[in-house]
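The values are calculated or read from the model by the stated rules, or taken from the named source; none is laboratory data. These numbers were taken from a predicted model, which means no experiment stands behind them. When we count neighbours, we look across all protein chains shown, and the Cβ atoms used for this are built from the backbone with ideal geometry, even at glycine. The accessibility values were calculated without ligands, DNA or RNA, using every heavy atom of the protein model including side chains. Shrake-Rupley method; radii C 1.70, N 1.55, O 1.52, S 1.80 Å.
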Amino acid sequence: GENVEQHPSTLSVQEGDSAVIKCTYSDSASNYFPWYKQELGKRPQLIIDIRSNVGEKKDQRIAVTLNKTAKHFSLHITETQPEDSAVYFCAASITNAGKSTFGDGTTLTVKP
Amino acid sequence: ETGVTQSPTHLIKTRGQQVTLRCSSQSGHNTVSWYQQALGQGPQFIFQYYREEENGRGNFPPRFSGLQFPNYSSELNVNALELDDSALYLCASSPGQRNTGELFFGEGSRLTVL
């Protein structure tokens, strides 16, 4: 089955700096790669996603890149703000397969 | 538009007991997935329901079972509770057929097994 590894497990940056979180996956059939943000005590919420036919996607301060050959994808957050502090999860899935496999999360702390 | 709601939010059970968790899917969504999130880990897929039928199951024993009702709400039942079942149980709904992409999560039910 699919296995998703996420690094680093914790990340601390100064406000205004960039943050990068990386994930690798094992199943070459996976074709959908979302990123979820989970604030303390709250539900995970989608912040950006990418499909296997696209190499990069950007939405304001966040971007995701995908390297299908290497089976890895990354989340990039620029100009970080304290409200970006949360746990971020990557996931991989196959459309219509009924299952998303999540990484173990990265706790991002943005220091003012 | 009503989001995904789960009940109860918190509950405490003892080893060997049984528990039922409930989930109402977001309006217009016909697919419901259940995930177990242990402390410090990512959500682990338990199973998914699409139009009242199970559509995929993760590596969980048969004492984890579920139902989906005609209104697309769902239940997760866990029998013979073990200490390791202590976790946050997340329900997620999605529109369309099976897993088309984004999961819309509820706030979760936090289960503590003593």
Tell me which residues, restricted to the stretch A:102-112, are touching a strand residue (DSSP E or B) at 6+ places or on another chain (Cβ under 6 Å), open to solvent by 20 Å² or more (accessible area, probe 1.4 Å) and either more than 15 Å from A:THR10 (Cα to Cα) or part of a loop (DSSP other than H, G, I, E, B) (or both). A:ASP104
Kindly evaluate A:ILE94 against the criterion of being in contact with a strand residue (DSSP E or B) (Cβ under 7 Å, 6 or more places away or on another chain), more than 22 Å from B:TYR89 (Cβ to Cβ) and aliphatic (A, V, I, L, M). no
Can you say whether A:THR10 is out of contact with any Phe, Trp or Tyr (no Cβ under 8 Å at 6 or more places or on another chain) and more than 14 Å from chain B (Cβ to nearest Cβ), as far as the supplied structure shows? no
Among the residues of the stretch A:69-85, how many are within 13 Å of the chain's Cα centre (by Cα) and surrounded by 21 or more Cβ atoms within 10 Å (Cβ to Cβ)? 3
What is the one condition in (1) in contact (Cβ under 8 Å) with a residue 40 or more places away in the chain; (2) in contact with a strand residue (DSSP E or B) (Cβ under 8 Å, 6 or more places away or on another chain); (3) not aromatic (Phe, Trp, Tyr) that B:ALA80 does not satisfy? (2)
Scan the stretch A:39-62 for residues that are in a strand (DSSP E or B) and either surrounded by 17 or more Cβ atoms within 10 Å (Cβ to Cβ) or touching a residue at least 24 places away in the same chain (Cβ under 8 Å) (or both) and jot them down. A:ILE47, A:ILE48, A:ASP49, A:ILE50, A:ILE62
How do the pairs read when you match residues in the stretch A:13-25 that are closer than 19 Å to A:SER100 by Cα with residues anywhere that are among the charged types (D, E, K, R) and open to solvent by less than 40 Å² (accessible area, probe 1.4 Å), using Cβ under 7 Å and keeping only pairs 6 or more apart or on different chains? A:TYR25/A:GLU2
Examine the stretch B:14-25 for a residue that is of a type outside the set (D, E, K, R) and within 11 Å of another protein chain (Cβ to nearest Cβ), and state whether such a residue exists. no
Name the single residue, out of those in the stretch B:38-62 being of a type in the set (A, V, I, L, M) and surrounded by fewer than 17 Cβ atoms within 10 Å (Cβ to Cβ), that is farthest from A:ASN96 (Cα to Cα). B:LEU39
Output for the stretch B:12-37, where each listed residue is open to solvent by 30 Å² or more (accessible area, probe 1.4 Å) and either touching a Gly at 6+ places or on another chain (Cβ under 9 Å) or of a type in the set (A, V, I, L, M, F, W, C) (or both): B:ILE12, B:SER24, B:SER27
Tell me whether the stretch A:77-87 contains one or more residues that are within 13 Å of chain B (Cβ to nearest Cβ) and part of a strand (DSSP E or B). yes
Take the stretch A:63-76 and flag every residue that is without any contact (Cβ under 8 Å) to a residue 24 or more places away in the chain and outside any loop (DSSP other than H, G, I, E, B). A:ALA63, A:THR65, A:ASN67
Those residues of the stretch B:89-114 that are within 13 Å of chain A (Cβ to nearest Cβ) and open to solvent by less than 20 Å² (accessible area, probe 1.4 Å) come to a total of 13
Looking at the stretch A:88-101 only, could you name the residues that are touching a Ser or Thr at 6+ places or on another chain (Cβ under 7 Å) and part of a loop (DSSP other than H, G, I, E, B)? A:ILE94, A:THR95, A:LYS99
